[in-house]
Each structure stands twice: as C-alpha cells, then as structure tokens.
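**Q** The structure under discussion is supplied below as structure tokens; questions concerning it will follow.
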Amino acid sequence: MTPDRTTIPIHTSPVPRAQPMKRHHSASYYAHRVRESLSTRISKFICAMFLLVLFFVGVIAFILWLSLRPHRPRFHIQDFVVQGLDQPTGVENARIAFNVTILNPNQHMGVYFDSMDGFIYYKDQRVGSIPLLNPFFQKPTNTTIVTGTLTGASLTVNSNRWTEFTNDRAQGTVGFRLDIVSNIRFKLHRWISKRHRMHANCDIVVGRDGLILPKFNHKRCPVYFT
C-alpha cells in the first residue's frame, strides 16, 4: 500500500518541566530576619555570660566556705601517769595525773570554751572526774595546755577495782580513757555560733610502771559533738 502523500507528519515533543517560581521577598522581610538573628545571638550571649558569672560566684563561695568553715579543736595527750600502780595496796595513795594540749586550728576563728571537765574511765566504768578549766576564749591558731590530777575524793577506786588494775598490770598493760567535755562556740568577727557539746576521747594505755606507753603519748584524741 502506497503511503498517502497528503498526510502531514505529526511530531510530539516532551512537555517542559515547570520551573519553580522564584519568591521575591520585600526589604522588610529581610530586615526582620536580621533582627531575629541578632536578638537570638544577643540572648545566647547573655545566657552564656550569666552562666559564667554564676560559675565564678559558686567557685568563690566554695573557696570562702572552705577557708571560713569552723574546724574542731585538736586535742593531744601529752602525758599520763598512774602512781602507785606497782603497789598491791596502793589504792589509798592512788594518783592519776595527765597533760593535754588543745589547738585551735582555725586561721581566723576563735573558740569560746565553757567550763571544762575531765573524766577517767576504766573498762567503760568511771573511776574519777575533775574540773579542768574555767570558761575561756582561745584565739585562732593558739595552743592551750590542760593539766589534771586526780586523788582522794576525785577518784572512785575501791580495793576491788585496784585489784583489777594490778591484775592487768601483771599482764603488761592497763587501759584507760580520758574524756574531756565542754560546751564551745565559734567566733568570727562579730558572728558567734550556737553552743556545741564537745567530747574529746583519749584512749590511753600505761605500762607496768604506770607511765603512758610511747605509742599513745602525743596521740591525737578524736573529737565529736552531741
């Protein structure tokens, strides 16, 4: 079959894709975006500066707290002797003497001590007590020496208790505990703290001669409050 010469050929071409429309923003739009970006940066800067200042204030407060917080007085047993311990019937002449040092370790803080008392214990049983000091004020980084001697009425040692002492002595050592008690207050310039009931417990062991053993001499006594 012969093609018809009168037929007009038809050519199809691909439909062009629609180009995205370009948005044209006004000058006020761009000005608003600039202001928004600037305000965001300023807000972030202010927050960062606030956190930085808060951090430095916290560090300074912590340093001040470390330097100004009260430190407990430090007690050290310097000497302790039980005279007559080598005598089977030494209860009539029994005598206990001791020396203790009190150090105020605070650099800027003084300590008020109310009246101070000392108590001697043997196997958790009190065997003597004595008033040590009248009320006094201890300056910062100052050391106070406390001495005490218990004899006669200040000792509650009967013949049975003395026998226990001598029996322990026969084993080589006799253990005691010295409890120093007082109410204390801390003073920083015009600020004065409330009263704290303070106890200093000194564990002591004496030898056959009644003298404190070297490893217990100059030993620091634990301090606690009640």
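The values are calculated or read from the model by the stated rules, or taken from the named source; none is laboratory data. Quick caveat, the model's predicted, so the values are computed rather than measured. When we count neighbours, we look across all protein chains shown, and the Cβ atoms used for this are built from the backbone with ideal geometry, even at glycine. Calculation scope for accessible area: heavy atoms of the full protein, side chains included, ligands and nucleic acids excluded. Shrake-Rupley method; radii C 1.70, N 1.55, O 1.52, S 1.80 Å.
**Q** With a 1.4 Å probe and every protein chain left in place, tell me how much accessible area Arg126 has, in Å² to the nearest 10.
**A** About 120 Å², rounded to the nearest 10.
**Q** As a test of reading the structure, rank Ser193, Ser115 by solvent-accessible area (1.4 Å probe, protein chains only), most first.
**A** Output order, biggest surface exposure first: Ser115, Ser193.
**Q** Also, quick follow-up: Give, in nm to one decimal, the length gained when the segment between Ser43 and Glu164 is fully stretched (0.36 nm per residue of separation minus the Cα-Cα distance).
**A** On the way: separation 121, 0.36 × 121 = 43.56 nm, distance 7.97 nm.
Length gained between Ser43 and Glu164: 35.6 nm.
**Q** Assuming 0.36 nm per residue, please report the length gained on full extension of the stretch Phe55 to Ile192 beyond their Cα-Cα distance. Don't skip to the answer; put the middle values down first.
**A** Details: separation 137, 0.36 × 137 = 49.32 nm, distance 2.96 nm.
Stretched fully, the Phe55-Ile192 segment lengthens by 46.4 nm.
**Q** Something else about it: Among Tyr122, Tyr112, what's the order by accessible area (1.4 angstrom probe), most exposed first?
**A** On the way: Tyr122 0, Tyr112 65 Å².
The ranking, largest first, comes out as Tyr112, Tyr122.
**Q** Over the alpha-carbon set of segment 150-226, divide Rg by the Kirkwood Rh and report the Rg/Rh ratio to two decimals. Each step should come with its number before you reach the end.
**A** Working: Rg = 17.4 Å, Rh = 15.2 Å.
That ratio is 1.14, to two decimals.
**Q** With all protein chains present and a 1.4 Å probe, how do Tyr224, Tyr121 order by accessible area, largest first? Can you show the working numbers first?
**A** Details: Tyr224 90, Tyr121 35 Å².
Result of the area sort, largest leading: Tyr224, Tyr121.
**Q** How much of the accessible area of segment 159-210, probe 1.4 Å, is carbon plus sulfur, in whole percent? The partial results should precede the final answer.
**A** Working: 1100 of 2660 Å².
On segment 159-210, the fraction of accessible area on carbon and sulfur atoms equals 41 percent.
**Q** If you roll a 1.4 Å probe over the heavy atoms of the protein chains, what accessible area per residue do you get for segment 44-189, in Å²?
**A** Solvent-accessible surface per residue comes out at 56 Å².
**Q** Which stretch or stretches of segment 80-122 have amide N atoms under 17 Å from the point lying 7 Å from Thr143's Cα along the Cα→Cβ direction?
**A** 80, 99-107
**Q** While we're here: Taking just the alpha-carbon atoms of segment 72-226, what radius of gyration and Dmax come out, in angstrom?
**A** 16.7, 56
**Q** Mind listing the Cα extents of segment 122-169 along all three principal axes, in Å, largest one first?
**A** 45, 21, 16
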